[in-house]
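What follows is a short report on a single structure.
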């Protein structure tokens with residue numbers, strides 16, 4: 001499928017289906033829309049009247065046009081109120097159009113150029129199209145019949161924006177990789193195959209890679225006892241993945257992205273039972289998936305920033321080797337942890353991963369994890385929690401998220417709550433009281449950062465959608481690859 005920007009006006013475009021964006025309360029046709037309506041013998045005004053089309057966000061109306069015309073079909077897409085129309089609105093509008101037109105071959109898309117930069121608009125539209133049309137049919141017996149048929153999409157009135165479109169395509173490729181990693185079942189996506197995916201990214205895009213095996217993890221600093229404690233019950237070996245992107249010349253800064261990478265979480269001996277969502281726990285590596293997705297996109301975009309991508313991949317399983325509730329683990333920075341719940345395993349793997357990342361002497365660390373159900377209770381399924389130790393870094397992440405159209409809410413780092421994590425026999429427990437569970441999880445992770453500015457993102461809700469929503473289809477969303485990429489680029 002080819003996406004291209006063109007100066008061609010809506011009056012002159014020819015093809016299968018023409019899509020027109022219309023603001024709410026602005027359905028009275030003026031300018032080129034009025035001229036096109038006249039050219040099409042009142043088809044647009046008739047469609048608005050017949051469908052009672054009001055221009056509400058995401059609404060669409062479609063009609064066929066006689067074969068004698070240069071356009072066979074027409075789509076109207078509602079843009080909502082003009083004052084509420086932002087950069088992310090282009091993504092959602094483009095997604096609605098792409099879904100409505102996916103059975104046609106050629107599509108002309110006309111959305112109003114507002115105060116946003118035309119390049120940013122072209123990029124956002126490209127992301128919306130590609131992510132809405134992405135279908136993960138790898139595990140269906142006949143995937144061909146479900147693929148969209150679109151071959152060419154013209155972005156009308158945007159002139160030549162090839163570079164912006166290419167950027168949107170590169171970012172979307174990273175989001176799609178993250179989606180497909182999360183969608184893959186645990187018998188397909190294991191610590192071993194996740195490491196193989198990282199190796200493929202490194203080989204294709206020229207990144208450096210090291211995979212620490214169990215023996216390597218045992219030798220790192222004082223031993224990765226927290227990570228390996230989680231891994232010890234699985235028959236599959238843990239794979240500690242470290243990918244590095246280095247720009248040509250001296251980097252402007254060095255950063256690390258650390259993703260929780262539990263390819264399956266049974267809960268361990270604190271077993272997840274029926275109704276607890278155990279059947280969805282293939283997605284407990286959503287943070288690691290986004291980390292690798294960001295690596296794929298960043299490697300193509302080539303920013304002047306050195307980026308380290310860290311994924312401590314393993315399963316949390318049950319066997320005679322499993323860690324017990326009550327066990328004491330020793331992390332690689334020497335701190336000891338009383339395991340009072342084996343189902344709070346993600347923070348144990350992240351503890352050693354954060355120590356590893358800080359040893360790289362980076363300027364900032366961002367970790368992301370499907371860490372707590374408490375965060376979903378607090379913020380719902382569409383919004384992630386954000387905790388930070390440094391205001392400037394927090395502002396950077398919020399700005400990056402706004403451009404990406406991904407929602408975060410800053411949560412408090414309430415130090416007093418760490419009292420609930422204190423242990424009588426170790427430095428800390430791995431869980432605290434039920435109240436403020438996402439905050440105590442963040443405070444636990446903070447114990448494994450010394451001095452580096454750090455952000456923790458709890459993405460448990462937004463990495464998965466049960467039904468199509470905006471640019472997302474049902475299933476994995478690829479959240480928050482776009483935010484991570486924007487942060488690294490400094491856009």
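Packing-based ranking of 305-311, 355-361 yields 305-311, 355-361, ordered from highest to lowest mean Cβ neighbour count within 10 Å. Helix 391-404 and the longest principal axis of the Cα set of the chain meet at an angle near 40°. Peptides 114-121, 285-292, ordered by how many other C-beta atoms sit within 10 Å of their residues on average, highest first, read 285-292, 114-121. Once both labels are positioned 7 Å from their Cα atoms along Cα-to-Cβ, the gap between residue 422 and residue 56 label points is 5.4 nm.
The order of the peptides 320-332, 183-195 by mean Cβ neighbours within 10 Å, most packed first, is 183-195, 320-332. A full extension of the chain between residue 159 and residue 302 corresponds to an added length of 49.0 nm, given 0.36 nm per residue minus the alpha carbon distance.
Spin-label pair residue 64-residue 216: with each label point 7 Å from Cα along the Cα-Cβ axis, the two points sit 6.1 nm from one another.
The mean sequence distance of close C-alpha pairs (under 8 Å, at least 6 residues apart), as a share of the length of the chain, puts its relative contact order at 15 percent. Using R0 = 41 Å, the C-beta based FRET efficiency linking residue 199 and residue 434 works out to 0.50. The Cα center of the range 43-62 and the Cα center of the range 338-364 differ in position by 52 Å. Residues of the range 1-30 with an amide N closer than 20 Å to a point placed 7 Å from the Cα of residue 114 along the Cα-to-Cβ direction: 19-30. Take the convex hull of the alpha carbons in the range 169-489; its mean projected area over all directions comes to 14.8 nm². For the range 124-194 versus the range 255-276, the spacing of their alpha-carbon centroids is 26 Å. Taking a point 7 Å from the Cα of residue 415 along the Cα-to-Cβ direction, the residues of the range 444-460 with backbone N closer than 20 Å to it are 444-456.
Among DSSP beta bridges whose residues both lie in the chain, state the antiparallel percentage, nearest 5.
Expressed as a percentage, antiparallel bridges in the chain total about 35.
Got a sec? Which residues in the range 431-471 would a label at residue 336 touch, if it sits 7 Å along Cα→Cβ and we count backbone N under 17 Å? Hits in the range 431-471 for residue 336 at 17 Å: 431. For residue 319 and residue 151, the difference between the fully extended length at 0.36 nm per residue and the C-alpha to C-alpha distance is 55.4 nm. Relative to the longest principal axis of the Cα atoms of the chain, the long axis of helix 87-101 lies at roughly 70 degrees. Over the residues of the chain, the helix contribution to mean residue ellipticity at 222 nm works out to -10500 deg cm²/dmol, using -39500 (n - 2.57) for each DSSP H run of at least 4.
What FRET efficiency, computed as 1/(1 + (r/R0)^6) with R0 = 35 Å and r the Cβ-Cβ distance, is obtained for residue 46 and residue 141, rounded to the nearest 0.05? Efficiency, from the Cβ-Cβ distance: 0.20. Of all DSSP-defined beta bridges confined to the range 2-160, some 20% are antiparallel rather than parallel.
Between residue 192 and residue 6, the contour length at 0.36 nm per residue exceeds the alpha carbon distance by 62.4 nm. DSSP beta bridges fully contained in the range 191-313 are about 60 percent antiparallel.
Measuring r between the beta carbons of residue 253 and residue 278 and using R0 = 60 Å, the FRET efficiency lands at 0.90. In this label model, residue 208 and residue 34 are separated by 6.4 nm, measuring between points 7 Å along each Cα→Cβ vector.
Rule-based calculations on the coordinates, nothing more; no lab input. In this text the structure is predicted, and so the values were computed from the model without any measurement. Every residue, glycine among them, receives a Cβ derived from its backbone with ideal geometry; neighbour counts consider all protein chains shown.
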